[in-house]
Amino acid sequence: MSSKRQNRIRNGLIATAILLVIGLVSYWKSSSTLVINFVDENGTPVTAPLKTIGRPNAVYNLTAAKVPGYTLNRTHYQFKYTYGTSQQQVIYHPDTVASLDKLLKAKYIGVSAQDITTNTFNGVQSTPYEQSDNRLRVLYANRLNDWHTFSTNYPDVAIQDPTLFQLGEFWFIAYTGGVLRSTDLSNWDVIATTPSPKFHNVIAPSLVHVGKKTDMIFMATVPKRKELASFVAPFNETTGQPKLTQAKRIRGVTGPSTSASLYQGRTGYYLTYSEQDSGVVYIKKSKTITGKYRLVRKIVPVKGSFYYAPTFALDEAGKVRGIVYSSYYYDESGDLAYNGAFMQSKILTKTPPIQLTGQFAFQKFSVIKLGAD
Amino acid sequence: MSSHLKHPQRMARLSLGIYYLGTVLYLVYTFLQTTLFSAVVPNAVFSLAKYLCLAIFVVRILTNRYDERQVLLLFGGLLLAVLIYQNSGDTSIVVLMLFLLSSLNCRSRIIVEIYFWTALALIAVTIGSALVGVIDNYHYQVNGSVRYAFGFLYSTDFAAHIFYLCLAYVYIRGRQLRKLEFFIPVVLAALVFLLTRAKLDTALLILILLAAMDYRRLSNQQMKKFDRWLYLFPVLMAALSIGASWLFTPTNGILVKIDDFFTHRLAMGHLALYEYPLRWFGQYVFQQGSGGLTFPTGLTTTGTNLAYFFIDSSYIKVLLSFGIVFLGLYLFGMSHAIRFNVAHQAYLLPLVLVIVCISSIIDHHLLDIAYNPFVVCVLANNAVGGVGSEERIYHWFKRDSR
Amino acid sequence: MENLYTFFKNMRKDWPLFLFPIIVCLAFASIFIGNEQTVFVSRIQVQSRGDRQWDSLSIPVYQTILKNPTVIRSAQIALKKDYNIAVSQAQLVASVTTKPVVHGNAMVIAATARDPELATAMGKQVTASMYYTLGTYLPTKDLRIDPRATVKQQGANPVYALLISLLSGLAIGQGLRLLMRRRGKGELDV
């Protein structure tokens, strides 16, 4: 009788010990992921989210980094790891008034997109993930190599290839997929471009003054073919939509390219685009807006890097002030790495490029020079 | 099937015969892989032998007869094999597990006998081929002395084969061991040390001698003193081996001394435990040996030398490549085999298993059927030896009637 | 005593004992199918500079450098700076494994994490740190990170899941049956 009881106690102890070991090992092995998003009041990411791995129920002490132009209600946070992946938010409040004051006094204003999946380090930002995520940034500068990010609540929309356009009191920012319209760069009308049967995707659009009218230049797949081509279509400022039915093809963009930009000069139209495979920037000229455009100048990239998304920098009068293009290369991991944008102040002759530097590695950069010289 | 059921006796004998055939094949092909015949014989032949073995063991499992607990064990074993295979991608575990499951209701003694004669023949053939020149006889110059491998991959492999052969001999002879036969381990120990300079294997051979002498000398009454703790030996040795490697630090003087004595096995073990995470069901572990050359390896005070990565401790190897669960169950099986035999006043197998446990600290052959035939003791029927008790069938998971 | 054929034949009598565990195991397995963890796999190739020979023999040696504190520390720092990812060195060591490509000139580095971006970032950064560390150790070799890195979801393979749940269901069923028989015989009564 007693031996049976002993047996039971022993078996119970063994079972408990095994369960204890399994439990302990599982506990020590379990990990959870904490994602802390740094966002503005619109919920738009300001910087890359912080990701950290820890044991469930452990506490992660965060001292939020200072972002110029933004204030935090508190800088120290304690976040708890929970099972699985958990998301937390730190909200940055922009000092829009002070920033807008500086912006309006600045000599240059521009827009670019910031990849908010990773950080920029030493002026280089690589895009390691399958998908990148970009947000709009408005920038201002008095010197071209010292850009400041305008602090405001940005629209929480994935923005690629933004271009800036000024019309009366309105700022228009055209991007792949739509147009943003704002008067104060803080409140945004997000107008998605309605596709037409012929054009399903409007890629890398930009707005240009042609005479008194506004036209949209964009890339789209040629109907019934796979390659991209450049088109021009009239733009309606009140609805924010291009008239895609009246789109005309621009002739002269040779080789695969993903964006093109043009402006109307005194003696004709100038077009610029980069060839994707070589990264060479072409500047071409034509008497009519639809071409055919003929080569004026080439900008050949430094070995190993590729130039892309060239745009003309104009002043408020619509006069050309230079050409801006961005650069990328493939790093040792084979990831695309952005290493900034460059500006040359003359478009027909070679001038030393000035690197546009700021708080992050710029992607497509569109610049307008404000005021007189 | 119905015709089989009419002749259960004949069926059982056929099933056993198939199993012995599979065992011989398994032994031969794994043994040849430890010799330089592996360079001569094409790889396809070994794969073919492996699949043939698998097929034979499957047939054996299908034709074997089980009681209720054994069916449970069978499913559990298969489950474990699938899980480990899924995690490590190592086919050897599948063969091994099927071999073990096939050994249900089979005498471990017979398997050891099969091993003894097969291994004896193969060792003779290998040494002969090496001396004649059919295969290379590697020798290594270390510290002015020459270590011969006699057709095996490394000289330590040769020493380990001799060691296990000797152990199997002692086990088979049992009580019939004569005084003259005690010289066999002594002579072999001297030879092994002279030819291979494997000091640890030599020490183990001496240990066999001591165990065999003790076994004869000690009465059952005296042996009973060991009852209490002997079955904990496998767990103890595993804990010692893994623990010492885990605690090893190249800056600790004592541990470094121990490590030097064990020719850097602790350091390698430590590196292995650092390099690979512990998993429930194992993982792929890559090893790179240097063929018995000795030089400071792993984490030493003077830096790291990583040209050699080989896990010498069986326990660490099993723990990392087959996982925590398998090591736990295997140690439990060994403990149970020891306990079962001790309970039936049969002390030979416990002693042999204790020696295997000690040797497993310093060599990696715990689960190599090519070396260690006592693998089968975990599941096979460890019937108590001796005349007259032949027909008494005990099984470790059959509850004794106490 | 019965063989497997008679076992499966007799199983029909106690079918609920076997069927329900199998169903429960399958249900449990279904949790793991498909959505467990992400594994990012990249490769570093090593080649002798002069004769363009593959260096397959030394690959396992180079491999051991992966968890060298220098590599792990530099990867940890770079992860924080470039990717805004905070992981401890121990976590990094635990998440990254390496193995050689058999008969090849490359070592495979695999990073595992629940979050796909974490796995990618850790894998890429450790590979890059490894690449630079190896580069300083092996000035006479050409190193290259294979651009064909793969990201795959690691879940239970349906075939394995089925096999494992079937076997564990059978084992549980048999265990229950044993227990019930012993209870029926009164063996378990005190």
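Read-outs throughout are calculated quantities, based only on the coordinates presented, and are distinct from any laboratory measurement. Everything numeric in this text was worked out from a predicted model, so none of it was measured. All Cβ positions, even for glycine, are placed from backbone atoms using ideal geometry, and neighbour counts span all protein chains on display.
Based on the Cβ-Cβ distance from A:Leu72 to B:Phe183, what FRET efficiency comes out when R0 is 60 Å, to the nearest 0.05? Write out the running numbers ahead of the final one.
Values: r = 85 Å, r/R0 = 1.42.
E between A:Leu72 and B:Phe183, to the nearest 0.05, is 0.10.
Charge dipole of segment C:37-154 (Cα centre as origin; +1 on each Lys and Arg Cβ, -1 on each Asp and Glu Cβ, all else neutral): 40 debye, rounded to the nearest 20. Over the protein assembly as shown, the pair-distance histogram of Cα-Cα distances with 10 Å bins from zero comes to 2, 9, 16, 17, 15, 12, 9, 9, 7, 3, 1, 0 percent, rounded to whole numbers. Residue pairs exceeding 28 angstrom between C-alpha atoms, taken from A:Lys298/A:Lys319; A:Lys350/C:Lys80; B:Lys50/C:Lys13; B:Lys317/C:Lys99: A:Lys350/C:Lys80; B:Lys50/C:Lys13. Beyond 26 Å in Cα-Cα separation lie the following of the pairs A:Lys102/A:Lys284; A:Lys102/A:Lys364; A:Lys66/C:Lys67; A:Lys107/A:Lys248; A:Lys51/C:Lys141; A:Lys292/A:Lys369: A:Lys102/A:Lys284; A:Lys66/C:Lys67; A:Lys107/A:Lys248; A:Lys51/C:Lys141; A:Lys292/A:Lys369.
Excluding A:Phe170 itself, calculate the net charge of residues whose Cβ lies under 14 Å from the Cβ of A:Phe170, where each Lys or Arg counts +1 and each Asp or Glu counts -1. Mind showing how you got there, number by number?
Working: positive: A:Arg181; negative: A:Glu169, A:Asp184, A:Asp189, A:Glu237, A:Glu316.
Neighbourhood net charge equals -4.
Between helix A:96-105 and chain A there is an angle of about 30 degrees, using the helix long axis and the longest principal axis of the Cα atoms. Rounded to the nearest 20, the size of the Cβ-charge dipole of segment A:145-230 about its Cα centre is 620 debye, with Lys and Arg at +1 and Asp and Glu at -1. Counting Cβ atoms of other protein chains within 10 Å of each residue's Cβ and taking the mean over peptide B:71-84 gives 6. Counting only aspartates and glutamates at least 8 places from A:Lys212 when in the same chain, those with an alpha carbon closer than 15 Å to its own are A:Glu237, A:Glu316.
Charges were assigned to the Cβ only: +1 to each Lys and Arg, -1 to each Asp and Glu. The resulting dipole of segment A:96-369 about its Cα centre is roughly 1700 debye. Which net charge results for the neighbourhood of A:Tyr308, defined as the other residues with beta-carbon distances under 13 angstrom from its beta-carbon, given Lys and Arg at +1 and Asp and Glu at -1? Neighbour charge sum, excluding A:Tyr308 itself: -2.
Among C:Ala27, C:Ala121, C:Ala161, the largest mean-square fluctuation in a Gaussian network model of chain C (Cα springs under 10 Å) belongs to C:Ala27. Taking every C-alpha pair closer than 8 Å and separated by at least 6 residues, the mean separation divided by the residue count of chain A gives a relative contact order of 13 percent.
For the pair B:Gln9 and B:Ala124, what calculated FRET efficiency results from E = 1/(1 + (r/R0)^6), where r is the Cβ-Cβ distance and R0 = 22 Å, to the nearest 0.05?
Computed FRET efficiency for B:Ala124 and B:Gln9 comes out at 0.05.
Calculated mean residue ellipticity at 222 nm for the protein assembly as shown: -13000 deg cm²/dmol, from DSSP H runs with n ≥ 4 weighted as -39500 (n - 2.57), summed, divided by the residue count and rounded to 500. For the pair B:Leu21 and A:Gln276, a Förster radius of 60 Å applied to the C-beta separation gives a FRET efficiency near 0.35, rounded to the nearest 0.05. Within 10 Å of the Cβ of each residue in A:124-131, the mean number of Cβ atoms contributed by other protein chains is 4.
Since only B:His139, B:Phe182, B:Phe152 are under comparison, the one whose Cα sits farthest along the positive direction of the charge dipole of segment B:138-217, derived from C-beta charges on Lys, Arg, Asp and Glu, is B:Phe182.
What trypsin sites (Lys or Arg not before Pro) in segment C:103-190 are in a loop by DSSP, with at most 14 other Cβ atoms within 10 Å of the Cβ?
Values: sites: C:Arg114, C:Lys124, C:Lys141, C:Arg144, C:Arg148, C:Lys152, C:Arg177, C:Arg181, C:Arg182, C:Arg183, C:Lys185; in loops: C:Arg114, C:Arg148.
Sites meeting the loop and neighbour criteria: C:Arg148.
Loop-resident GluC sites (Glu not before Pro) (DSSP state other than H, G, I, E or B) in segment A:266-373 with no more than 14 further Cβ atoms inside 10 Å of their Cβ: A:Glu316. Think of the protein assembly as shown as a dipole: +1 on every Lys or Arg Cβ, -1 on every Asp or Glu Cβ, centred on the Cα centre; then among B:Tyr169, C:Thr112, A:Ala58, B:Tyr169 lies furthest on the positive end. Shape index of chain C: Rg/Rh, with Rg the Cα radius of gyration and Rh the Kirkwood radius from the inverse mean 1/r over Cα pairs, equals 1.23. Comparing mean-square fluctuations of C:Leu92, C:Leu162, C:Leu179 from a GNM of chain C with C-alpha springs under 10 Å, the top value falls on C:Leu179. The H on the amide N of A:Gly178, modeled in the peptide plane, is under 5 Å from the matching H of A:Thr193, each at least 5 residues off or on a different chain. For segment C:10-26, backbone nitrogen atoms closer than 11 Å to the point 7 Å from C:Glu2 Cα along Cα-to-C-beta are found at C:10-15. If you take the charge dipole of chain C about its Cα centre, with +1 on Lys and Arg Cβ and -1 on Asp and Glu Cβ, which of C:Leu79, C:Pro16, C:Thr133 is farthest toward its positive end? Looking along the dipole axis, the top candidate is C:Pro16.
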